[in-house]
Amino acid sequence: MGARELGLPEKVSTTGLPERVTIWEVGPRDGLQNEKSIVPVEVKLEFLDRLAAAGLTTLEATSFVHPKWVPQLADAEELLARLARHEGVRYPVLVPNERGLNRALDAGVEHIAIFASATETFARKNLNSTLETQFDMFEPVVSRAVAEGLEVRGYLSMCFGDPSEGAVPAKQVVEAGRRLLELGCSQLSLGDTIGVATAGQVEAVLAGFDDVGKLAVHFHDTYGQALANTLVALRCGVSTVDSSAGGLGGCPYAESATGNLATEDLVWMLDGLGIAHGANLDALVETSAWMAEKLGKPSASRVVNALAK
Ligand code: HMG
Ligand code: MG
């Protein structure tokens, strides 16, 4: 049985929902950066290959960050050199600074994502920077990347709550987000890094932006709110949703962060609403069950656990 076969009751309105959602798969990056063990490059390559074969068209492959800060992704160069790219699939990578951009350009990437913080504390913890100086770090990265013809996504973390600072004012988030768009980012992904957001907060933050079409949402699922938050975001006009196969994920510099919204859980909801996404749920479930075995722990995804054979 699939969610689509259950049908959509007539009185449920799909007005305001997008016809199609782009799934921005972050498992190979956000997922594996947070694993205690370092996953062998062969396993990462097979993971990426299986995700592309499952119909996902945006796979965040790795990060060009300092290898001491995130040793789990220290094999970024080797990974990209050995990656068998599928036609029609984008493989964005995270880049924090000019050193990271040089590495990414040498590796032949076409799509990068910078990652900023909406709070002072997390800018220090994650970037060794400040809320203000992080923009000085990103400005030359974005301008050179754009001049080199790369597409640039901006992430903004801690958009709803910060483990040290508590609730984050929507105004502060919108101001930082606008600055990333003004730098030249073509898309802005709003991150609930520690998974505390609730639906009303999501609506309030999204309402602060003029161009919702440029926004994506990135929910971690610590408090089980990621799907509800996603549905609200879709109703507000967002049509790019970040998720992670099997619900892997977290940030090593945000203690309380658990996994991302699971791609399979997202796909189940989209299927039920009749929203196109292009992914094959059975292939995703098989991939996440395989990955769970490699990692030696059960998947965090409810849908994977319901469907895995
Ligand atoms: P730093 O130590 O301040 O760096 O780190 P620095 O500029 O002072 O340089 C120190 C040394 O590091 C130098 O080498 C640089 O060349 C080298 P030395 O001259 O001493 O030999 N270096 C690098 N080496 C390789 N690659 C680089 C690089 N940069 C400097 N890119 C830095 C500053 C930003 C690099 C560091 O803080 C860092 O790598 N942070 C990354 C942390 C991270 O990856 N966090 C997880 C991703 S964000 C996330 O998960 C949230 C998200 O999912 C959204 C959400 O959930 O909200 C995106
Ligand atoms: Mg994240």
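The values are calculated or read from the model by the stated rules, or taken from the named source; none is laboratory data. Since the model is a prediction, treat every value here as computed from it, not as a measurement. All Cβ positions, glycine included, derive from the backbone under ideal geometry; neighbour counts span all protein chains shown. To get the accessible areas, we keep the full protein, side chains included, count just its heavy atoms, and leave off ligands, DNA and RNA. Shrake-Rupley method; radii C 1.70, N 1.55, O 1.52, S 1.80 Å.
Across segment 112-123, coupling constants 3J(HN,Hα) worked out from phi with the 6.51/-1.76/1.60 Karplus curve, θ = phi - 60°, read 10, 9, 8, 9, 9, 10, 8, 10, 5, 4, 6, 4 Hz, and Gly and Pro carry x.
Surface composition of segment 24-126: carbon plus sulfur atoms hold 49% of the accessible area, using a 1.4 angstrom probe and ignoring ligands, DNA and RNA. Taking amide H atoms as placed 1.01 Å from N in the peptide plane, the amide H of LEU94 lies under 5 Å from those of THR62, SER63, PHE64, ALA113, each 5 or more residues away in sequence or on another chain.
Say R0 is 35 Å: what FRET efficiency, to the nearest 0.05, do GLU35 and THR15 get from their beta-carbon distance?
With a Förster radius of 35 Å, E is 0.30.
Could you tell me the calculated FRET efficiency between ASP106 and ASP210, based on Cβ-Cβ distance and R0 = 51 angstrom, to the nearest 0.05? In this case the efficiency is close to 0.90. About its Cα centre, the dipole of the chain is roughly 220 debye, where the only charges are +1 on Lys and Arg Cβ and -1 on Asp and Glu Cβ.
Of the whole protein surface, SER239 contributes about 40 Å² of accessible area at a 1.4 Å probe radius.
Extension gain for SER256 to TRP290 (0.36 nm times residue separation, less C-alpha to C-alpha distance): 9.6 nm. Based on Cα atoms of segment 110-241, Rg over Rh with Rh as the Kirkwood radius reads 0.95. In the complete set of protein chains, residue-level accessible area for SER37 is approximately 60 Å², probe 1.4 angstrom. Taking R0 as 25 Å, what's the FRET efficiency between GLU77 and THR133 from their Cβ-Cβ distance, rounded to 0.05? Once rounded, the FRET efficiency stands at 0.35.
Net charge of the neighbourhood of THR258, taken over other residues with C-beta under 13 Å away and scored Lys/Arg +1, Asp/Glu -1, is -4. Could you please state, rounded to a whole Å, how far the C-alpha centre of segment 157-229 is from the C-alpha centre of segment 71-123? Result: 22 Å between the Cα centres.
For the residues TYR91, TYR253, a 1.4 Å probe over the protein chains yields an accessible-area ranking, largest first, of TYR253, TYR91. Which parts of segment 99-122 would a label at GLU148 reach, counting a residue when its backbone N lies under 15 Å from a point 7 Å out along Cα-to-Cβ? The answer is 99-114, whose backbone nitrogens lie closer than 15 Å to the label point. With contacts taken as Cα pairs under 8 Å and at least 6 residues apart, segment 110-241 reaches a relative contact order of 22 percent.
Annotation: lysines with alpha-carbon distance below 23 angstrom to LYS44 (same-chain offsets under eight excluded): LYS36, LYS68, LYS294, LYS297, LYS309. Full extension of the chain between GLN172 and THR198 gives 7.6 nm of extra length, using 0.36 nm per residue less the Cα-Cα distance. Place a label point 7 angstrom from the Cα of VAL43 along the Cα-to-Cβ direction, then list the residues of segment 244-279 whose backbone nitrogen is under 15 Å away. Residues 246, 248-249 qualify, since their backbone N sits under 15 Å from the label point.
Volume of the convex hull of the chain (Cα atoms only), normalised per residue: 118 Å³.
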